[in-house]
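Everything below concerns the one structure shown next.
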Amino acid sequence: MANLACEFVGIRSPNPFWLASAPPTDKEFNVRRAFEAGWGGVVWKTLGEAGPPIVNVNGPRYGAVWGADRRLLGLNNIELITDRPLETNLQEIKTVKRDYPDRAVVVSLMVPCVEDAWKAILPLVEDTGADGIELNFGCPHGMSERGMGSAVGQVPDYIEMVTRWCKQNTRMPVIVKLTPNITDIRYPARASKAGGADAVSLINTVSSITSVDLDTFSPEPSIDGKGTHGGFCGPAVKPIALNMVAQIASDAESEGLPISGIGGVTTWRDAAEFLTLGAGNVQVCTAAMTYGFKIVQEMISGLGDWMDEKGLASVDDVVGRAVPNFTDWQYLNLNYVTKARIDQDLCIGCGRCFAACEDTSHQAIAMNPGRRFEVIDEECVACNLCINVCPVEDCITMEELAPGDVDLRTGQHVVADYANWTTHPNNPGACAAE
Amino acid sequence: MANNPFTPGIAAGRHSSEVLDRNFADLHPPLDRHEALVAADRCYFCHDAPCVTACPTTIDIPLFIRQIATGTPEAAARTIFDQNILGGMCARACPTESLCEEACVREVAEGRPVEIGRLQRFATDTMMAREGHPYGRAEKTGKRVAVVGAGPAGLACAHRLAMHGHEVIVFDARQRPGGLNEYGIASYKTVDGFAQAEVEWLLGIGGIKVEQGKRHLDGPDLDALIKDHDAVFLGIGLAGVNALQIEGVDLQGVDDAVDFIADLRQAEDLSNLAIGRNVVVVGGGMTAIDAAVQSRLLGAETVTIVYRRGRDRMSASRFEQDLATSKGVRIVTNARPVRAVGDGAVQEVEFQYTRDVANGLVGTGETFRLAADQVFMAIGQTLEGASHTLEIEGGKIKVDGSGRTSVPGVWAGGDCASGGDDLTVTAVAEGRDAAEDIHKTILAGREMVNETPRPGNEPG
């Protein structure tokens, strides 16, 4: 079986599945349960500076988006950083790390944007024996109003400055956790690198309002009739997170910067996808909050089986394997021509492909007598919307036209050569091939 | 308990009240809200959906299911009632397995269709639990229409006419309105007095007067009705039953299945309803199944359905056949009764095996006997007492696509009329469509015909 043990910025863990800094990692009790269940590591819920702890609301902290059968697709939270005394957390971190030396224990931190605040807390954390720190520059709610969290993460200069303070004041590896609430994720990643960060982790939650109560007209979660924006997470944010991870992994300016992938990891498959796009490990929260810690067992078996099937011996063999295939639109092969094909034996005749194509796309599916749905090659642009709306897996597939075949839509013969937009005659800025 | 399934002869109280209550409980219990959401989510919202095509009343099934899925079951109910005002009963009584659910693409894909019937019940129950009636009436037209028969066809016709602003008087021969909904459908499909509750709810639209215990079937009656009203709709069902011409049919214990079913529906206390120890039901339709299953549920020790042709020719759906066998009913096919045997009361029925040949059914000569304390005949109903002035076709009142009979001013629909299956849902469709045609006909020339609001547009 594949070896899932991994080393991330020098921190070893028996598998690449860490629990993200969040409610599940706020206390020794929870973290012990997580380690007993098999999690490779945790990022302890964000600690603030010494003194009176912050307070949380005393009403609901979460809003939710559900799919069928109340499957939780996304969760929004307005919980702040830990509301327990700093000393309590530090003591518990020390105890847990002592008892689970083989697991990764990283501590998330968020203190005011002044060097003394960081200088004060870093030695305290170091004293616990923790493996590293994660700088919470991501939380979009609550703390950001006080100039922390995403308020820092949205200003690359601040990221670089605080990262540098930390690197100068601790021997522990520094992971910078990034907010997705920004226009181009590469800038904060570059700033992290410039500040000396050992790694970045992303994404933190996405600013959101999950729903509005249509009786009280209050955004959810509603606290005495009022709501505020929260941080959205869970399966719904995975595509956003994957793209941001890939953006950083393929950015020449932050080349080699390790990434801890976060955002909607729910199954081994999600984890594998993050790893292939350049994440060195993954962090999980919502899936654990939805199903409990036991899910890590499925993640471990699933990832291991898949790696065995692919002949990949270690996590390092997986990391970044899809990055070379992540490119800009302008480099996509315009000579790659496909057509949708409907397998009549698998088709159950629901007609969703027809409705989608006829109403919203290219009128490229014919509804023939007997509810027989067939692709009209003369109209099919190969958008694959029909596949995406078809309820039957593999009923509709895209068939690649071979070189020499005629694309009935354009009347052109398919050519074998690769050609992209940069050289296309319709591109005013095209440079002729030399 | 004095009696049990082994008590000889015909006896009441073969099961305790608790067992009877359990036996006659809802066949398909209602979905709760979450179950309905999960069931609704399985609908693919097909384009030009096959289930709609398969529905005799053309309910927009994908739309109403989506309305359930989005938390608006009352909007769903309106989608249903716009097409089928007896959508509540149809949700319970329709053979969905051979209509909408048979056509469902998930039936094709996985052999497990979307539970359209139960979802329809969820939606209609939700709205019917609400105070008041959801439809209003158009401005009064001053027209009066007589409806004969308060069964599904008559009620659907009356409701649609009332909605269009006409005054309707319904004459019904029985003690209670509802027709076969009240007297014909198996108890476990319509529990807790639903049939009467539904009629009451339907009449909530106003403008409909119902007179029970009034037969208007023969020629002079029809002429009088035509004279006194702007139109007449006949939804008189099939009041007669086919008689079996065999020796011994006069023996005590040989009864019509429809009477048994009606008695059962009207029984105040099922533990007072007598049933034979050994019951034989002759026939192959829904009536046979309903009689047989309910005989078993009442406590008969053995119940056998005997049908003269093969299983594939039975008009009862496969689902109903399986329901019967699951309740311990034995189905014997390719046999027809030769004689009932007994001394005063029936004791046995002799059957002869049959073979289906090109020009009909022939006996093979081989016979067998079944012990029988009670025999229910379920070999079909017949039109009874329709006015001789009406043209008859295939034993039914001949109608055109709009329900018009051969007599001007007279429409007909439901089981008594030609065309369509003898189903509640078909009767509703025919009553509704006849009402639309009556409406157009009696207001011909008036501008307001076109202005009459369509169902669904009136204030609630």
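Rule-based calculations on the coordinates, nothing more; no lab input. Values in this document were obtained by computation on a predicted structure and should not be read as measured data. A quick note on method: Cβ atoms are made from the backbone with ideal geometry, for glycine too, and the neighbour counts reach across all protein chains shown.
Suppose each label sits 7 Å from its Cα in the direction of the beta carbon; what would the B:Glu97-A:Asp99 distance come out to in nanometres?
Result for the modelled spin labels: 5.7 nm.
Evaluate E = 1/(1 + (r/R0)^6) for B:Arg446 and B:His388, where r is the Cβ-Cβ distance and R0 equals 51 Å; express this FRET efficiency to the nearest 0.05.
Details: r = 34 Å, r/R0 = 0.66.
E between B:Arg446 and B:His388, to the nearest 0.05, is 0.90.
Take every DSSP beta bridge whose two residues both sit in chain B, then give the antiparallel share in percent to the nearest 5. Working shown, then result.
Details: 24 of 61 bridges.
Percent antiparallel among DSSP bridges in chain B is about 40.
Filter the trypsin sites (Lys or Arg not before Pro) in the range B:140-195 down to the DSSP loop ones having no more than 12 other Cβ atoms within 10 Å, then list what survives.
Working: sites: B:Lys140, B:Lys143, B:Arg144, B:Arg160, B:Arg174, B:Lys189; in loops: B:Lys140, B:Lys143, B:Arg174.
Of the trypsin sites (Lys or Arg not before Pro), the ones in loops of the range B:140-195 whose Cβ has at most 12 other Cβ atoms within 10 Å are B:Lys140.
Rg to Rh for the range B:243-381: what is it, with Cα atoms only and Rh by Kirkwood? Don't skip to the answer; put the middle values down first.
Details: Rg = 14.3 Å, Rh = 14.9 Å.
Radius of gyration over Kirkwood radius for the range B:243-381 works out to 0.96.
Could you work out the local net charge near B:Val407, counting Lys and Arg as +1, Asp and Glu as -1, over the other residues with Cβ closer than 11 Å to its Cβ? Could you put the intermediate results ahead of the total?
Numbers: positive: B:Lys398, B:Arg404; negative: B:Asp223, B:Glu391.
Once all neighbours under 11 Å are counted, the net charge is 0.
Given the C-alpha centroids of the range A:322-400 and the range A:47-67, what is the distance between them in whole angstrom?
The two parts, judged by their Cα centres, are 45 Å apart.
Could you work out how far the C-alpha centroid of the range B:234-256 sits from that of the range B:118-162, in angstrom?
Answer, in whole Å: 33.
By the gyration tensor of its Cα atoms, with a ≥ b ≥ c the square roots of the eigenvalues, what is the shape of the range B:156-270: rounded for a/c under 1.5, prolate for a/b over b/c, or oblate? Mind showing how you got there, number by number?
On the way: a/c = 3.14, a/b = 1.44, b/c = 2.19.
Taking the square roots of the gyration eigenvalues as a ≥ b ≥ c, the range B:156-270 is oblate.
If a/c stays under 1.5 just call it rounded; otherwise compare a/b with b/c (prolate if a/b is bigger, oblate if not). Do that for the range A:98-236, with a ≥ b ≥ c from the square roots of the Cα gyration tensor eigenvalues.
On the way: a/c = 2.12, a/b = 1.73, b/c = 1.22.
Here the range A:98-236 falls in the prolate category.
For a quick check, take a GNM of chain A with Cα springs below 10 Å and name the residue from A:Pro112, A:Pro52, A:Pro180 with the largest mean-square fluctuation.
Judging by the Gaussian network model, the answer is A:Pro52.
For the protein assembly as shown, report the convex hull volume of the alpha-carbon atoms normalised per residue, in Å³, without decimals.
Numbers: hull volume 231.2 nm³, N = 894.
Spread over its residues, the Cα hull of the protein assembly as shown gives 259 Å³ apiece.
Helix A:295-310 sits at what angle to the longest principal axis of chain A, using alpha carbons and giving 0 to 90 degrees rounded to 10?
Rounded to the nearest ten degrees, it is 50.
Please go through the range A:165-226 and write out the trypsin sites (Lys or Arg not before Pro) that DSSP classes as loop and that have at most 12 other C-beta atoms within 10 Å.
Working: sites: A:Lys167, A:Arg171, A:Lys177, A:Arg186, A:Arg190, A:Lys193, A:Lys226; in loops: A:Arg171.
Filter output for the range A:165-226: A:Arg171.
Peptide B:34-45: average number of partner chain Cβ atoms within 10 Å per residue?
On the way: counts 2, 0, 0, 4, 3, 0, 1, 4, 3, 1, 9, 6.
Across the residues of B:34-45, the mean count of other-chain Cβ atoms within 10 Å is 3.
By how many degrees, 0 to 90 and rounded to 10, does the Cα axis of helix B:73-83 deviate from the longest principal axis of chain B?
90 degrees
Once the principal axes of the Cα atoms of the range A:6-325 are found, what is the range along each, listed largest first in whole angstroms?
Dimensions of the range A:6-325 along the principal axes of its Cα atoms: 56, 50, 40 Å.
May I ask you to derive the FRET efficiency for B:Asn4 and A:Gln91 from their Cβ-Cβ distance with R0 = 60 Å, giving the value to the nearest 0.05?
Details: r = 73 Å, r/R0 = 1.22.
The computed FRET efficiency comes out at 0.25.
From the gyration tensor of the Cα coordinates in the range A:329-423, what semi-axes in whole Å does the equivalent ellipsoid have, largest first, with each one equal to sqrt(5λ)?
Values: eigenvalues 138, 35, 29 Å².
Semi-axes, largest first: 26, 13, 12 Å.
Eigenvalues of the Cα gyration tensor times 5, then square-rooted: what semi-axes does that give for the range B:33-128, in whole angstrom, largest first?
Details: eigenvalues 63, 44, 27 Å².
Semi-axes (√(5λ), whole Å): 18, 15, 12.
Between A:Asn426 and A:Asp317, how many nm apart are label points set 7 Å from Cα along the C-beta direction?
Here the answer is 4.4 nm between the modelled labels.
Taking a spot 7 Å from the Cα of A:Ser218 along the direction of its beta carbon, which residues of the range A:83-113 have an amide N less than 14 Å from it?
It comes to no residues whatsoever.
Could you give the angle, 0 to 90 degrees to the nearest 10, between helix A:156-169's Cα long axis and the longest principal axis of the Cα atoms of chain A?
40 degrees
Could you pull out which residues in the range B:176-214 have an amide N less than 12 Å from a spot 7 Å beyond the Cα of B:Asn242, following the Cα-Cβ vector?
Correct set: none at all.
Just want the answer: with Cβ charges of +1 for Lys and Arg and -1 for Asp and Glu, which residue in A:Thr179, A:Cys357, B:Thr287 is farthest toward the dipole's positive end in the protein assembly as shown?
Highest projection toward the positive end goes to A:Thr179.
How long are the three semi-axes of the equivalent ellipsoid of the range A:249-377, in whole Å, if each is the root of 5 times an eigenvalue of the C-alpha gyration tensor, listed from largest down?
Working: eigenvalues 288, 100, 44 Å².
For the range A:249-377, the ellipsoid semi-axes come out as 38, 22, 15 Å.
Going through the cross-link list A:Lys119/A:Lys177; B:Lys189/B:Lys209; A:Lys94/A:Lys167; A:Lys27/A:Lys193, which pairs have a Cα-Cα distance over 25 Å in this structure?
Details: A:Lys119/A:Lys177 19 Å; B:Lys189/B:Lys209 28 Å; A:Lys94/A:Lys167 21 Å; A:Lys27/A:Lys193 31 Å.
Cα-Cα > 25 Å for B:Lys189/B:Lys209; A:Lys27/A:Lys193; rest within.
Taking R0 as 22 Å, what FRET efficiency do you get between A:Glu393 and A:Ser301 from their Cβ-Cβ distance, rounded to the nearest 0.05? Working shown, then result.
Working: r = 23 Å, r/R0 = 1.03.
According to the calculation, E is roughly 0.45.
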